[in-house]
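All of the numbers you see were taken from the coordinates with simple rules; none came from a lab. Here the structure is a predicted model, which means the values were calculated and not measured. Cβ coordinates were reconstructed from backbone atoms using ideal geometry, including for glycine residues, and neighbour counts include every protein chain displayed.
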Amino acid sequence: MKNIKLIYSINFDEIARSPKEITYIIFHYTGMASEKKAIERLTNKKTKVSSHYFIKKDGTIINMVPEKFIAWHAGVSCWKSHKNLNNKSIGIEIQNSGHINKYESFSIKQIKSLLLLTKALKKKYNIKSKNFLGHSDISPNRKKDPGEKFPWKHLAKHKIGIWYDLPKKNRTFRNIVISRKNKKLFLLYLKKIGYCAKNKYTNSAVRAFQRRFRSKIINGKIDKECLEISKNLIKRGLN
């Protein structure tokens, strides 16, 4: 891609990886009100955090770590049978104040740049649509980003990430209590999608699912709407 600015971070593993190892793209928000300080944090050796790319409010894309190296963006993480997603992913930080501040909507320029970047990365590494994930997906007990204002549905129209296909009447299922058997079925679907919903982290994983696929209500409670959404995602094959 052209017009990418370079501001390199020294926070990465120095041993290069094979292109075939890159199978995921992980989206983050900075969670900091100051864009300048966010960039400084991702390039400061004392913080021990970094990302491959950073997208500014005005849509400027910054390359911080070469793709062939492992950046430090995911931390303790899990998706399906994979742990430590840093090894297999490219991390993209998007400037946003985050939940601890005012958590504003992502700018149109940011999303346009994000689409340009992710489409190029998808083609380059043959990344499956289902392997575009949020930090909260892979670390639900620790993270909320990129959050419920992230336009997953819009991105899925461009085959960046996945989305479900249900009629509007599905909304009538919201808050409808389901049986214990169907709750277990939902948790089974949750694991098939990729979430590591185990023991004490189950509620966090449910919230992460809701934050991404049912952002109107994020309460960790499994209702019929959650079940129908998960069922539809499985039915569509998660391509």
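Only helices enter this figure: runs of n ≥ 4 DSSP H residues, each worth -39500 (n - 2.57), summed and divided by the residues of the chain, yield -9500 deg cm²/dmol at 222 nm to the nearest 500. For GluC sites (Glu not before Pro), no site in segment 25-83 is both called loop by DSSP and has at most 14 other Cβ atoms within 10 Å. What residues from segment 124-164 fall in the zone where the backbone N is under 16 Å from a label point 7 Å along the Cα-to-C-beta line of LYS235? Counting only backbone N, you get 163-164.
When the expected Rg is taken as 2.2 N^0.38 Å, what fraction or multiple of it is the alpha-carbon Rg of segment 188-239? Show your work: numbers first, answer last.
Details: Rg = 10.3 Å, N = 52, 2.2 N^0.38 = 9.9 Å.
Dividing the Cα Rg of segment 188-239 by 2.2 N^0.38 Å gives 1.05.
As a length-normalised measure over Cα pairs under 8 Å and 6 or more apart, the relative contact order of the chain settles at 20 percent.
Using only alpha carbons, build the gyration tensor for segment 109-160 and give me the equivalent ellipsoid semi-axes, biggest first, whole Å.
Three semi-axes, in Å: 20, 14, 9.
Within straight-line reach of LYS123, meaning a Cα separation under 18 Å, sit the following lysines at least 8 residues removed in sequence or on another chain: LYS2, LYS20, LYS68, LYS88, LYS112, LYS157, LYS159. What the Cα convex hull of segment 5-156 gives, in volume per residue, is 108 Å³.
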